[in-house]
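Note sheet for the following structure.
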Amino acid sequence: MKRFFLITNEAKDPQWVFTNKIADVIKHLGAEAVCVKNERQAFMEAVGAQIDCALVLGGDGTLLRAARNLMDSGIPLLGINLGTLGYLAEVESAGAGEAIERLIRDEYVREERMMLSGKVLAAREEMQYALNDIVISRCGTLQILNVRIYVNDQFLKDYCADGVIVAAPTGSTGYNLSAGGPIVEPSANLLLLTPICPHTLNSRSIVFSPDDEITVEIPPGKDGYEQVVEANFDGSYKVTLRTGDRIRIRRADKTTGIVRLHTESFLAVLHKKMREV
């Protein structure tokens, strides 16, 4: 690798002190660094710039936004954690220099991570994508939601809950984990359906094949009132749904390239991260 794209979360590096330090390291090693703010236009300008790798300086949220913005570019991502607890970040800030040296020596592995796509049926909304999850949740007042789940157009279950999460393997350690869902190996291919605070004693997460399609329908609420909910894609893009709307979620035809440097197993990394909580 010789040309790097630095994506900075300005809230975590407001004066670009760390970003400039990383850029200097890259240049000192004879490679090239392109620094931009975390903005859509900057991403689009970089797509045609023959970038070998995007170094994402921030936390998991910064990397998720980068994944959405760069998903058509083929540029792999390496997360450098400037936050507190980052499951997606491969490198902590103290080890960034060594990581860059290894990238330049081509000592890395690229993983292709499964993504999700979601489309509101019978609507003009474009297809949207997520690396972590698509969350159907309430908006506005604190009311319990009624959601109806179909799998491959076959009715599965009605949930009375705060919402539901459809997660990709990469997102199993995100909101899915907080809602009591299972942790899975991020390079796996499957779909996770997890209710959020369900009003029942026997609701559990369900694991589906990557070829399954999950449709979430918004039925009338209690006493027939209209429900207004949000579908959030990786927490950075949302679509409003109302009673009668359906959103179909499936494995996307796109993937996100994630650069791996460490030889630690997923379980070893998970053990370390969980001790930090």
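Testing S172 on (1) touching a Gly at 6+ places or on another chain (Cβ under 8 Å); (2) of a type outside the set (V, I, T); (3) assigned to a strand (DSSP E or B), one condition comes back false. Which one is that? The single condition S172 does not satisfy is (3). Note on the range 225-254: residues that are of a type outside the set (S, T, Y) and in a loop (DSSP other than H, G, I, E, B) total 6. Taking the criterion of being closer than 25 Å to A123 by Cα and buried (at least 20 other Cβ atoms within 10 Å of the Cβ), would at least one residue in the range 236-244 satisfy it? Scanning the range 236-244, I find at least one residue that is closer than 25 Å to A123 by Cα and buried (at least 20 other Cβ atoms within 10 Å of the Cβ), so the answer is yes.
The set of residues in the range 246-261 that are over 22 Å from N189 (Cβ atoms) and at pLDDT below 95 contains only L261. The set of residues in the range 12-68 being modelled with pLDDT under 90, more than 20 Å from E92 (Cβ to Cβ), in a loop (DSSP other than H, G, I, E, B) and not polar (S, T, N, Q) consists of E39, G48, A49, I51.
On the given criteria, is G74 over 15 Å from the mean Cα position of the chain (by Cα), open to solvent by 10 Å² or more (accessible area, probe 1.4 Å) and at pLDDT below 90? The answer is yes for G74. Listed by first and then second residue, the pairs with beta-carbon distance under 8 Å, at least 6 apart or on different chains, first residue in the range 135-147 and closer than 14 Å to N232 by Cβ, second open to solvent by 40 Å² or more (accessible area, probe 1.4 Å) and at pLDDT below 85, form an empty list. Residues in the range 97-128 that are over 19 Å from I249 (Cα atoms) and in a strand (DSSP E or B): 4 in all. Count of the range 101-119 residues, restricted to those that are open to solvent by less than 40 Å² (accessible area, probe 1.4 Å), at pLDDT 95 or above and either among the aliphatic types (A, V, I, L, M) or more than 13 Å from the chain's Cα centre (by Cα) (or both), is 6.
Residues checked against (1) among the hydrophobic types (A, V, I, L, M, F, W, C); (2) surrounded by fewer than 21 Cβ atoms within 10 Å (Cβ to Cβ); (3) farther than 18 Å from V120 by Cα:
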position	(1), (2), (3)
Q154	no, yes, no
S187	no, yes, yes
L190	yes, yes, yes
L201	yes, yes, yes
V207	yes, yes, yes
E213	no, yes, no
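Among the residues here, P198 qualifies as under 24 Å from the mean Cα position of the chain (by Cα) and part of a loop (DSSP other than H, G, I, E, B).
The values are calculated or read from the model by the stated rules, or taken from the named source; none is laboratory data. Everything quoted here is computed from the prediction, not taken from an experiment. With ideal geometry, Cβ positions are generated from the backbone for all residues, glycine too; neighbour counts draw on all protein chains shown. For the accessible areas, the whole protein counts, side chains as well, though only heavy atoms, and no ligand, DNA or RNA atoms are used. Shrake-Rupley method; radii C 1.70, N 1.55, O 1.52, S 1.80 Å.
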